[in-house]
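Asker: Input: one structure, supplied below.
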Amino acid sequence: MPTRKTKRGADRTPISGFYDVIICGASFAGLAVARELRGTGAKVLMLDRYEIGEKQTSACGIPTEWMKVLGVESSARQEFDTLVVHTPRGTSRLKLPFNFSTFDYPEFCKLLDAQNDATFETAKVEGRRGNTVVTDRGDVTAPLIVDALGWRRILDREDGYQPPDAPLSRGLEVHPKASSEDLAIWIDRRYVPAGYGWSFPAGDEVRIGVGSFDPTFHVRETTELLAEDLGEESVGYQGNWIPHRIRRATDGEVFFCGDSAGHCIPLTAEGIRTAIYFGIAAGREIRAVVQGAKTRDAALAEYARFSDSHEWKFRWMLRAQQLLPKLGPRAQRAVIRFCATRPMIRFSFRHYLRIAPPEFGREESGSGQNHRPEGASGPLEVDRIPV
Ligand SMILES: Cc1cc2nc3c(=O)[nH]c(=O)nc-3n(C[C@H](O)[C@H](O)[C@H](O)COP(=O)(O)OP(=O)(O)OC[C@H]3O[C@@H](n4cnc5c(N)ncnc54)[C@H](O)[C@@H]3O)c2cc1C
């Protein structure tokens, strides 16, 4: 269980007021949005129910290049150029065309948070009434609102996206103090009928987990089984639902990014770099609005178009996710051996990286310039944002 550092008692004063932008959720997607708004002069409020970096949300594995682009390399704990794939019929070592790193979540978030000038408050977001975000500490209003709250997509007025019926995978991991050289996955029905197990070493701890594409399959027992098979203790549990279907990136009023828009890649359940990638895209659109270069509606429409243009890639990954478990262990092994050939690795992993390429983070990032419209000083009033 995380140690709660969230404001308590007398510190938990009411919040209220008007802002230019409210970013709900201060993990990967939310911090990426805030980073793009640095230096614009916009009055930005970021909300999360936990302190930034307090509650780890993943195994924290990401292509190393993304860490460099974000300037957060010092939070890396281990780097890998090979992925080890275990199946009941043998093990393959896939030499990757780009490196992966595991990182320390609190440190990563702290480094990313240092790159914005938003105001942060801990508050539980409960919903929305028009341009007003309702929290357990009071109501706050802004014409530009971001939902980076994860799969629950709290600010959408549509209801009814609940596990186990919604397209969500189930993921759970344990964090024993241990070390290993290998970034490894297990495609093995002993651990999960549809999904995979993993071992992600990160310096002095190893993140061992199981993800099931079938939300009705409970992964606790088999996560413990995998840890036991690796001779490690099951301690430091961390789990969540993982969306495996892309959703509308706006509802015409709110920017959804990261897991709230289903921006997590099916089959691999890689959702950190995509949360950051779409967070950057939303942040750039919002920046154009606060700088007076675009209307809010035009920015929402452009962001929706950008997200939709990736839909086919997510659809193909979902097809692969649905197909792989249907193959028997022998066929799975044959597919993995074929994919492990050098040309196939290069081809498939390069295409895979291009779903959310690191170069995108480099382009025109956080200009540091104040381009607020002439005469603008306080928060942009709702009716001053051209819609
Ligand atoms: C066990 C597991 C392992 C994973 N491992 C990896 C991995 O190694 N690599 C990878 O790329 N992906 C991994 N993923 C997927 C990845 O964690 C997610 O896709 C990613 O975290 C999405 O980022 P996000 O910013 O959209 O949402 P989140 O990281 O879920 O952040 C949402 C934020 O919103 C806050 N919040 C939620 N509700 C409220 C509320 N009501 N009020 C206020 N704040 C709220 C939360 O505290 C949190 O800070 C893993 C997932 C799981 C479950």
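Asker: So who's got an amide H within less than 5 Å of the one on Met46, skipping anything under 5 residues away but keeping other chains? H placed 1.01 Å off N, in plane.
Answerer: Here the answer is Ile23, Thr119, Phe120, Glu121, since their amide H atoms fall under 5 Å of that of Met46.
Asker: Assuming R0 = 25 Å, what is the FRET efficiency of Lys124 and Glu158, from their Cβ-Cβ distance, to the nearest 0.05?
Answerer: The calculated FRET efficiency here is 0.75.
Asker: Among Val133, Val206, Thr40, flag the residue with its Cα farthest along the positive direction of the charge dipole of the chain, charges on Cβ as +1 for Lys/Arg and -1 for Asp/Glu.
Answerer: Result: Val206, furthest along the dipole toward the positive end.
Asker: If we count other beta carbons within 10 Å of each Cβ, what is the order of Trp151, Trp312, Trp241, fewest first?
Answerer: Sorted ascending by nearby Cβ count, the order is Trp312, Trp241, Trp151.
Asker: Okay, next question. In degrees, nearest 10, range 0 to 90: what is the angle between the Cα axis of helix 272-290 and the longest Cα principal axis of the chain?
Answerer: Between helix and principal axis, roughly 20 degrees.
Asker: Any chance you could check the Cα centroid distance between the range 101-153 and the range 59-84 for me, in angstrom?
Answerer: Cα centroid of the range 101-153 versus Cα centroid of the range 59-84: 24 Å apart.
Asker: Taking the number of other C-beta atoms within 10 Å as the exposure measure, put Thr91, Thr40, Thr132 in order starting with the fewest.
Answerer: Thr91, Thr132, Thr40
Asker: Compute the long axis of helix 220-229 from its Cα atoms, compare it with the longest principal axis of the Cα atoms of the chain, and write down the angle in degrees, 0 to 90, nearest 10.
Answerer: Helix 220-229 sits roughly 50 degrees off the main axis of the chain.
Asker: Would you mind ranking Ile52, Ile280, Ile22, Ile345 by Cβ crowding within 10 Å, fewest neighbours first?
Answerer: Lowest count first: Ile345, Ile52, Ile280, Ile22.
Asker: Further question: Of Leu172, Leu45, Leu324, which has the largest mean-square fluctuation in a 10 Å C-alpha GNM of the chain?
Answerer: Per the Cα network of the chain with a 10 Å cutoff, Leu324 tops the list.
Asker: Using the Karplus equation 6.51 cos²θ - 1.76 cosθ + 1.60 (θ = phi - 60°), what ³J(HN,Hα) coupling, rounded to whole Hz, does each residue of the range 323-340 give in order, writing x for Gly and Pro?
Answerer: So the J values, rounded to whole Hz, are 7, 3, x, 6, 6, x, x, 5, 5, 4, 4, 5, 4, 5, 5, 5, 5, 7.
Asker: Whose amide H sits under 5 Å from the amide H of Leu96, counting only residues 5 or more places off or on another chain, with H placed in the peptide plane?
Answerer: Amide H to amide H, under 5 Å and 5 or more residues apart or across chains, Leu96 pairs with Thr82, Leu83.
Asker: Separate question: Could you work out how far apart the two model spin labels at Ala331 and Arg190 are, taking each label as a point 7 Å from the Cα in the direction of the beta carbon, and quote it in nm?
Answerer: About 2.3 nm separates the two model spin labels.
Asker: A further question follows. Short version: ³J(HN,Hα) in whole Hz for each residue of the range 254-263, in order, from phi by Karplus 6.51 cos²θ - 1.76 cosθ + 1.60 (θ = phi - 60°), x for Gly and Pro, what are they?
Answerer: Each residue of the range 254-263 in turn: 10, 8, 9, 9, x, 4, 5, 10, x, 7 Hz.
Asker: Quick check: the angle from helix 342-353's long axis to the longest principal axis of the chain, C-alpha only, nearest 10 degrees?
Answerer: It is inclined by approximately 20 degrees.
Asker: For a test of understanding, tell me how many lysine pairs in the range 13-363 have Cα atoms under 21 Å apart, given they are 8 or more places apart or on different chains.
Answerer: Here the count comes out as 10.
Bear in mind these aren't lab numbers, they're just calculated from the coordinates by the rules spelled out. Please read these numbers as outputs of a predicted model, since none were measured by experiment. As a convention, Cβ positions derive from the backbone with ideal geometry for all residues, glycine included, and neighbour counts pool all protein chains shown.
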